[in-house]
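Shown next, in structure tokens, is the structure this report addresses.
Nothing in this text is a laboratory measurement; each read-out follows from the coordinates by a stated rule. Quantities reported herein were computed from a predicted structural model and do not represent experimental measurements.
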Amino acid sequence: MGEYFKFEKTGNVGLLTFDFPVKRNPLNERSVSEMFENLLAIRDDDDVRALIITGAGNTFSAGADLSHMKGVTDPAEREKLFGNVTPKRMRILRRVFSLLTNYDIPTIAAVNVYAVGGGWFIALCCDFRVAVEGAQFWLPEIELGAPGPRELEYRLALDVGMARAKEIVLLCRRFRAEELLQWGLLNRVVKADQLMPAAHEIARYLAARKRQAVLQAKANLNGFTLD
């Protein structure tokens, strides 16, 4: 399924793996475009009734590819470099966010240790989120000098309340899975060897249900209308 992703099916459950661990599954223009293309192809596969998204190695996704900033320590220069690559990448990434949020297949994010920036936003767009014990999440965009996507930051406020949303977005604090479980941003926190079994358990249940009923219920909860 391309340079950055691999896809496999087990029965009616699909598994899309961000498979570039050497750079901690980065979100650059190529990888985000490839993810969008994969999601479109999977959506059109009638055999796939539920989709798990995960990352290879110890990272779901570390967010923006900042390799060009390596060795740059001056805050102003880092902010300039990050700002230069953000607009185009963000436009492509917003297409992924929108597609996932309104996806025609129920989705489960299986988060292995790190979900950072856009990587965390991808997980937030999924219907269910399962993470390993001690997994870490944070949004560093403000530290890097650029805000995240408006629609998802607003959705965070709806999900956890304004005070907690501002703590996540504005303070750029690192959160552990156990705290986010208490806040309602995760469905389950499990031991590392139980991550994929837990994700598959949810996926198999959803895949066995009447497809139209699942999609209509998801649309009702998300506040959009099915075509």
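What number results when the radius of gyration of the range 87-168, computed over Cα atoms, is divided by 2.2 N^0.38 Å? Don't jump to the answer; show the numbers that get you there.
On the way: Rg = 12.6 Å, N = 82, 2.2 N^0.38 = 11.7 Å.
Compared with the compact-globule rule of thumb, the range 87-168 sits at 1.08.
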**Q.** Long-range HN-HN contacts of Val13 with modeled amide H, under 5 Å
**A.** Arg49
**Q.** Using alpha-carbon coordinates, inclination of helix 75-101 to the longest axis of the chain, degrees
**A.** 10 degrees
Q: For the range 206-223, take each phi angle, set θ = phi - 60°, evaluate the Karplus expression 6.51 cos²θ - 1.76 cosθ + 1.60, and give the result in whole Hz per residue in order, putting x for glycine and proline.
A: 5, 5, 7, 8, 5, 4, 5, 5, 5, 5, 5, 4, 4, 4, 4, 5, 7, x
Q) Karplus couplings for the range 37-53 from phi (6.51 cos²θ - 1.76 cosθ + 1.60, θ = phi - 60°), rounded to Hz, Gly and Pro as x? A) 5, 5, 5, 5, 5, 5, 4, 8, 8, 5, 6, 8, 10, 7, 10, 9, 10
Q: Using amide H atoms built 1.01 Å from N in the peptide plane, name the residues 5+ places from Arg129, or on other chains, whose amide H lies under 5 Å from its own.
A: Ala109, Asn187, Arg188
Q: Report, by chain and number, residues whose modeled amide H sits under 5 Å from the one on Asp65, excluding near sequence neighbours (fewer than 5 apart, same chain).
A: Leu27, Asn28
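Given contacts defined as C-alpha pairs under 8 Å and at least six residues apart, what's the relative contact order of the chain, whole-number percent?
Numbers: 405 pairs, mean separation 45.6, N = 227.
Result for the chain is 20 percent.
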Q. Which of the aspartates and glutamates could be linked to Lys6 by a straight reach, that is with a Cα gap under 13 Å, when you skip same-chain ones fewer than 8 residues away?
A. Asp19, Glu34, Glu37
Q: Mind telling me which of Val214, Val130, Val113 comes out most flexible in a GNM of the chain, alpha-carbon contacts under 10 Å?
A: Val214
Q | For the range 181-193, Karplus couplings with θ = phi - 60° (6.51, -1.76, 1.60), whole Hz, Gly/Pro x | A | 4, 5, 7, x, 8, 10, 8, 8, 10, 9, 5, 4, 6
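Where both partners of a DSSP beta bridge lie in the range 5-222, what percent of those bridges are antiparallel, to the nearest 5? Walk me through the numbers before you get to the answer.
Values: 8 of 32 bridges.
Restricted to the range 5-222, the bridges split so that about 25 percent are antiparallel.
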Q: Could you check which residue among Ala177, Ala165, Ala110 shows the biggest mean-square fluctuation in a GNM of the chain with a 10 Å Cα cutoff?
A: Ala165
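In deg cm²/dmol and to the nearest 500, what is the mean residue ellipticity at 222 nm of the chain if only DSSP H runs of at least 4 residues count, each as -39500 (n - 2.57), divided by the residue total?
Working: 9 runs with 107 residues, N = 227.
Here the helix-only value at 222 nm equals -14500 deg cm²/dmol.
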